[in-house]
Each structure stands twice: as C-alpha cells, then as structure tokens.
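Worksheet: one structure, shown below.
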Amino acid sequence: QVQLVESGGGLVQAGGSLRLSCAASDLNYYMGWFRQAPGKEREFVAAISWSGSSTNYADSVKGRFTISRDNAKNTVYLQMNGLAFEDTAVYYCAAALRPPRSTSTAEWDYWGQGTQVTVSS
C-alpha cells in the first residue's frame, strides 16, 4: 500500500500561483490530483502516466495547471497558475495501479489526506 502526503496548499490572491507536492512512499503508479470544494463532490483535476509522457486535465484547469512527476524523488507536483476563487478546495493526491479508464474517483486506489487551497477574490 502506498502512502501519499500532500503539501504546498495555502491562501493566495486571485491570479496568483501555488505549487502542490505529493510525496509518495512508492511512485510506481499512475498519479493524479483531485479536488473537493465545500458541498461538492470530489472532482478530477489532472493525471500523469508512470513515465510522465502522458498527461490529462480537466477542462476547467487546462492551460493554467501543470502536473509533473519526479520519480527519483518519489514526488508528484501540481503547478497552479492564474488561480481563481472557483479553485478553492481541498486538493487530494491519488494513485492508481492501472491506467484509469475515466476520471471517476472509483478508478483510483490510494488517496492522500489532502491540502487546503484557498483563493481570495
């Protein structure tokens, strides 16, 4: 079982940037980021393949967020630029044993505890 620990969240003004990190005990997985705003369901943000050669993004973050991984450091990153109030949420790192067939949370096997991102308007 892999352990995932997120960090890098915080309070930022609209238009600002943050970089989230996810430290993994083992990075031999397909990795992703999800987020959950108050009163809403957890939603897909971005995913990256084992090698990092393939990435996928939710339409709402395309062009603003970038997912990357450093397998030597067992760490996955989410660079978030142009943050908006609507990006406020708890952000979760996730790992999948197999390439997810959809953006459903059910496709992912392990989850971190989450890190809060708050964007002030």
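The values are calculated or read from the model by the stated rules, or taken from the named source; none is laboratory data. This structure is a prediction, so every number in the text was calculated from the model and none was measured. Each accessible area value is taken on the protein alone, full model and side chains, heavy atoms only, with ligands, DNA and RNA left out. Shrake-Rupley method; radii C 1.70, N 1.55, O 1.52, S 1.80 Å.
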- Query: How many percent of the accessible area of the stretch 10-121 is carbon or sulfur, using a 1.4 Å probe?
  - Reply: 46
- Query: With the other protein chains left in place, how much accessible area per residue, in square angstrom, belongs to the stretch 62-121 at a 1.4 angstrom probe?
  - Reply: 51
- Task: Could you grab the relative contact order for the chain? Cα pairs under 8 Å, six or more apart, rounded to a whole percent.
- Result: 36
- Read phi for every residue in the stretch 55-61 and hand back ³J(HN,Hα) as whole Hz from Karplus 6.51 cos²θ - 1.76 cosθ + 1.60, θ = phi - 60°, with x for Gly and Pro. 10, 9, 9, 5, 4, 5, 10
- Message: If I stretch the segment between N74 and Q113 completely, what's the gain in nm (0.36 nm per residue apart, minus their alpha carbon distance), one decimal?
- Response: 12.3 nm
